[in-house]
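What follows draws every value from the coordinates through simple rules; no lab data is involved. For clarity, every value in this text was computed on a predicted model and none was experimentally measured. Don't worry about glycine lacking a Cβ; one is built from the backbone with ideal geometry, like all the others, and counts go over all protein chains shown.
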């Protein structure tokens with residue numbers, strides 16, 4: 001379990017804009033520690049965003065996505081009060097789900 | 001004598017097989033993680049060149065397209081660890097958008113699946129090892145399209 005995500009979903013006209021800020025190290029597997037040992041890769045691999053159980057975006061990520069990943073997109077529909085659920089799974093099998101309402 | 005030897009040989013082979021199975025089982029947790037939510041395309045993300053990444057994604061031919069735009073993407077990134085990338089596609093029936101960075105150790109950065117109803121425009125932040133070309137690869141109606149943008153990086157984001 002990582003730290004909570006920040007999710008902001010705003011209804012704009014007939015669309016909903018979703019912005020997500022996740023809290024994750026996104027270790028690339030390229031860096032070395034002070035002893036010169038390679039720090040193993042540790043990163044979010046799969047992200048799924050749903051609006052009331054309908055998938056509105058799914059993504060697969062590699063190590064090149066920045067630390068504390070940011071994601072933003074828009075989808076058609078979505079009304080105030082709809083539930084936006086964001087789930088990620090990382091390369092250690094850890095997973096986290098957070099929910100926000102469209103405002 | 002001969003018969004005994006054969007038995008030993010057989011059981012020996014059995015042990016080896018068990019060993020292999022155990023080794024395979026030991027590798028399971030890492031693979032299990034991939035299957036946690038949905039398949040993560042390890043073959044594509046583990047590649048080390050743009051050509052291999054494209055091949056692993058099943059892209060044989062991608063047409064240059066002016067209908068793919070980079071939005072809020074800088075010409076020069078001061079910090080390679082955090083480079084904002086926005087990609088929007090005006091191609092009808094856009095199904096997925098992939099970000100490929102040619103000079104990164106693993107060029108494939110991300111693949112976004114865009115279901116119907118979601119605007120084919122996403123923005124995120126990526127790491128860049130050095131000045132490189134970013135390829136925005138769009139799959140629309142089963143065909144592939146690509147747009148390229150060079151981003152100059154003054155400080156790399158991978159070596160640390």
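Assorted remarks:
- Taking A:74, A:32, A:54 in turn, the Gaussian network model of chain A (Cα-Cα springs below 10 Å) assigns the largest fluctuation to A:32.
- Per-residue mean of foreign Cβ neighbours for B:101-112 is 5 (Cβ atoms of other chains, 10 Å radius).
- Point-to-point label distance, residue A:33-residue A:14, nm (Cα→Cβ direction, 7 Å offset): 5.5 nm
- Averaged over peptide A:40-48, the number of partner chain Cβ atoms lying within 10 Å of each residue's Cβ comes to 3.
- Peptide B:85-96 has a mean of 1 when you count, residue by residue, the C-beta atoms of other protein chains within 10 Å of its C-beta.
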